[in-house]
Amino acid sequence: MVDKIESFVGGKTVEPLDGVYGVKLDPRTAGELEKVAYSGSADVNLAIDDADAAFDVWREMRPSDRGRLLIEFGRLIRANEDRLGATESRETGKPMHEMPALIALIAQFFEFYGGIVNVDNGDVINVGPDYHVYTRRDPFGVVGVILPWNAPLHQAARAIAPAMAVGNTVVAKPSEHTPASLVELARLAIEAGIPAGVLNVIVGRGSEIGPAMVEHPKMRKVSLTGSVRVGQELGRLAADKILPLTLELGGKSANIVFADSDIDAAAKGSVQAFTWNSGQWCCAGTRLLVEDSIHDEFVEKFVKAVAELRVGPEADATSGPITTRVQFDKIQEYFRIAESQGLTCAIGGKVATGDHLGTGWYIEPTVYTGVKNHDRLAREEIFGPVVVIIPFRDEADAIRIANDSDFGLGAGIWSRDIGRVHRVAARLDAGRIVVNEYSGGFVQTPCGGSKYSGYGREQGIDALSHYTQTKSVIIKL
Ligand code: NAD
């Protein structure tokens, strides 16, 4: 029997009021995987009412008590690694071997914010002996969290954990392509002792649910992780009610390889930078900038390493399929654009086929060389395992090319010159810069972008300031 994935509101599973369901396809086979509730605005209203009803109890709880519940939540996430990992892998197509590390990271978000909430204080401000002035950091109330399909639990945990830690209640909307793991997560929250209504998950299509969430009078803050287009749509709606947003949007991140780097390490790390999660990664290093003097040597090593990747449905594959049919088609459209513009394809450039791949949505990891930074493939987010290699002359040229982008999300620097590393990091327009590896990312480090990549920060202590509002209390003595 096919599973039905439904919303989880007020501590229980609820059917959509209109009784409408859609079909979610399996990225590994293109066959039907499950039915997904297509909730409507009436369902959203009920979820927001439940979250609002839970707010007073949750905010009044001592931070240490909220923190203890979040840490227990983290423990249960670890204890349920197999189940959560299997669900996440089933819907996204991610290889199973990645799941233990991923689920441990999800747990860490709740452990980190469960601990740090105890030091999330305001300040005492000295304005003279006749006043006592202090600030408080108060929660907003009901916070909406709208999520993409590329890393469902990770994106959810990094927004939900800080929002809940500081006393907000949450209505989360997973992508209609990958809702099941977040629904399971919300069930575990109840098991951890978190009161019903604090974490609600509403399952359905963004075009209906997103606007209903933003426009609801009790919705006080929304965090979106998603595309620029949806960020712009939400921004327009939010402007009407001066609703604060955190926008974590797309990227076209520059990964810069200098001649003084460890070239073998740079070649290996740069492969992972654009192929991890089949390139469905907001910070993916998809503009690979390589210094002229090592260009040919580097490209040879890089392409050789790409050729060794194993794409497939197997648990130990280096990467799995593309998660949605629309995305699978979009990547192929970029192959056609590259061909029509005469780009040189060093490897890949087509759908991956083979007996073990069947009818799944697999793409060959693809490298284009000699690309100009103004070419479409260098400017637009593809969100697949496709990288363009752009040569550069010197440090200033590298910075210029890297910053010549509509986006400002991630960046990588490969160099053994510590002075250069700091100089370049200071000048790059990017919210997250990783040096001498690419994939590093920690619960403690803020993540977010500039320009079309969005604003606000998730992760780290910074996130707390995006889920609270500072209040000054000025007392005349
Ligand atoms: P998307 O913008 O299509 O969808 C994101 C979410 O918004 C989904 O839940 C969707 O249902 C919802 N949505 C759709 N239309 C809406 C509307 N009109 N109003 C409100 N919500 C609406 O993005 P996607 O295809 O799911 O995800 C891929 C995108 O996410 C990429 O651009 C990627 O770069 C970005 N992303 C960014 C980060 C980051 O940290 N900056 C992380 C992961 C993914």
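The values are calculated or read from the model by the stated rules, or taken from the named source; none is laboratory data. Please read these numbers as outputs of a predicted model, since none were measured by experiment. Positions of Cβ are generated from backbone atoms using ideal geometry, with glycine treated the same way; all protein chains shown enter the neighbour counts. To get the accessible areas, we keep the full protein, side chains included, count just its heavy atoms, and leave off ligands, DNA and RNA. Shrake-Rupley method; radii C 1.70, N 1.55, O 1.52, S 1.80 Å.
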Using θ = phi - 60° and the Karplus relation 6.51 cos²θ - 1.76 cosθ + 1.60, list the HN-Hα couplings for region 220-236 in order, rounded to whole Hz, with x at every Gly or Pro.
10, 6, 10, 10, 10, 10, x, 7, 4, 4, 5, x, 5, 4, 5, x, 5
Residues with amide H under 5 Å of residue 259's amide H, sequence separation 5 or more or different chain, H placed in the peptide plane at 1.01 Å from N; which?
291
Any idea what Rg and Dmax come out to for region 324-363 if you just take the C-alpha atoms, in Å?
11.2, 32
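How big is the charge dipole of region 344-421 about its Cα centre, in debye rounded to the nearest 20, if each Lys and Arg gets +1 on its Cβ and each Asp and Glu gets -1 on its Cβ?
120 debye
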Could you list which residues have their amide H under 5 Å from that of residue 3, counting only those 5 or more apart in sequence or on another chain, with H placed in the peptide plane?
35
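How much length, in nm to one decimal, is gained on full extension between residue 420 and residue 380, taken as 0.36 nm per residue of separation minus their Cα-Cα distance? Mind dumping the intermediate values first?
Working: separation 40, 0.36 × 40 = 14.40 nm, distance 2.80 nm.
That pair, residue 420 and residue 380, stretches by 11.6 nm at full extension.
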Helix 63-79 against the longest principal axis of the chain: what's the angle in degrees, Cα atoms only, rounded to the nearest 10?
50 degrees
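If each DSSP helix of 4+ residues adds -39,500 (n - 2.57) and the sum is divided by the residues in the chain, what number results at 222 nm, nearest 500 deg cm²/dmol? Could the numbers behind the result be given before it?
Working: 15 runs with 186 residues, N = 477.
-12000 deg cm²/dmol, from helical runs alone.
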Along the charge dipole of the chain, Cβ charges K/R +1 and D/E -1, which of 219, 428, 356 sits furthest on the positive end?
219
For region 373-401 and region 120-177, write down the distance between their C-alpha centroids in whole Å.
35 Å
Region 385-391 - phi-based ³J(HN,Hα) in whole Hz, Karplus 6.51/-1.76/1.60, Gly and Pro as x
x, 10, 10, 10, 9, 10, x
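What's the long-distance tail for region 1-62, i.e. % of Cα pairs beyond 20 Å? Intermediate values should be presented prior to the final figure.
Details: 803 of 1891 pairs.
Everything past 20 Å amounts to 42 percent.
For the chain, build the convex hull from the C-alpha positions and give me its volume per residue in Å³.
Taking only Cα atoms, the chain has a hull volume of 151 Å³ per residue.
Charges at C-beta only: +1 for Lys and Arg, -1 for Asp and Glu. How large is the resulting dipole of region 254-442 about its Cα centre, in Debye rounded to 20? Please list the in-between numbers first.
Working: 19 positive and 27 negative charges, 76 e Å.
Value, rounded to 20: 360 debye.
What number in nm² do you get for region 71-192 if you take the convex hull of its Cα atoms and divide its surface by four? Write down the numbers at each step before the final one.
Values: hull surface 34.0 nm².
Reported value for the Cα convex hull: 8.5 nm².
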The rounded separation in angstrom of the Cα centers of region 439-474 and region 32-70 is 22 Å
With the charge dipole of the chain built from beta-carbon charges (+1 for Lys and Arg, -1 for Asp and Glu) about the Cα centre, the Cα from 344, 125, 53 projecting farthest to the positive end belongs to 125
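Against the empirical 2.2 N^0.38 Å scaling, what ratio does the C-alpha Rg of region 254-442 come to?
On the way: Rg = 15.7 Å, N = 189, 2.2 N^0.38 = 16.1 Å.
Output field value: 0.98.
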Can you tell me what percent of all Cα-Cα pairs in region 131-260 are more than 18 Å apart?
56 percent
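For a Förster distance of 22 Å, can you work out the FRET efficiency between the beta-carbons of residue 462 and residue 127, rounded to the nearest 0.05?
Working: r = 27 Å, r/R0 = 1.22.
Given R0 = 22 Å and the Cβ-Cβ separation, E is 0.25.
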Region 301-347 accessible area per residue, 1.4 Å probe, protein heavy atoms, integer Å², reads 50 Å²
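May I ask you to derive the FRET efficiency for residue 15 and residue 86 from their Cβ-Cβ distance with R0 = 25 Å, giving the value to the nearest 0.05? Let's see the in-between values first.
Details: r = 24 Å, r/R0 = 0.97.
According to the calculation, E is roughly 0.55.
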Spelling out what I want: for every residue of region 132-147, take phi, set θ = phi - 60°, compute 6.51 cos²θ - 1.76 cosθ + 1.60 (Karplus), and round to whole Hz; glycine and proline get x.
10, 10, 9, 10, 10, 10, 9, x, 6, x, 7, 10, x, 10, 9, 10
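Just how large is the dipole of the chain about the Cα centre, in debye to the nearest 20, putting +1 at every Lys and Arg Cβ and -1 at every Asp and Glu Cβ? Don't skip to the end; give the middle numbers.
Working: 50 positive and 62 negative charges, 171 e Å.
Using Cβ point charges on Lys, Arg, Asp and Glu, the chain gives about 820 debye.
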Among 152, 328, 477, pick out the residue whose Cα is farthest towards the positive end of the charge dipole of the chain, where Lys and Arg carry +1 and Asp and Glu carry -1 on C-beta, about the Cα centre.
477
Given 301/330; 94/350; 221/252, which pairs have Cα atoms separated by over 24 Å?
301/330; 221/252
Straight distance only, please: which lysines reach the Cα of residue 304 with their own Cα at less than 16 Å, same-chain residues fewer than 8 apart left out?
268
For the residue pair residue 394 and residue 207, what label-to-label distance in nm results when each label sits 7 Å from Cα along the Cα-to-beta-carbon direction?
5.3 nm
Please compute the alpha carbon radius of gyration of region 195-289, then divide it by the globular-protein estimate 2.2 N^0.38 Å. Two decimals is fine.
1.52
Students often get this wrong: which residues of region 48-71 have the backbone nitrogen under 13 Å from the point 7 angstrom along Cα-to-C-beta of residue 138?
56, 59-60
Nearest 0.05, what FRET efficiency do residue 308 and residue 477 give at R0 = 56 Å with Cβ-Cβ as r?
0.20
Can you list residues whose amide H is under 5 Å from residue 412's amide H, if they're 5+ apart or on another chain and H is modeled 1.01 Å from N?
254, 255, 256, 434
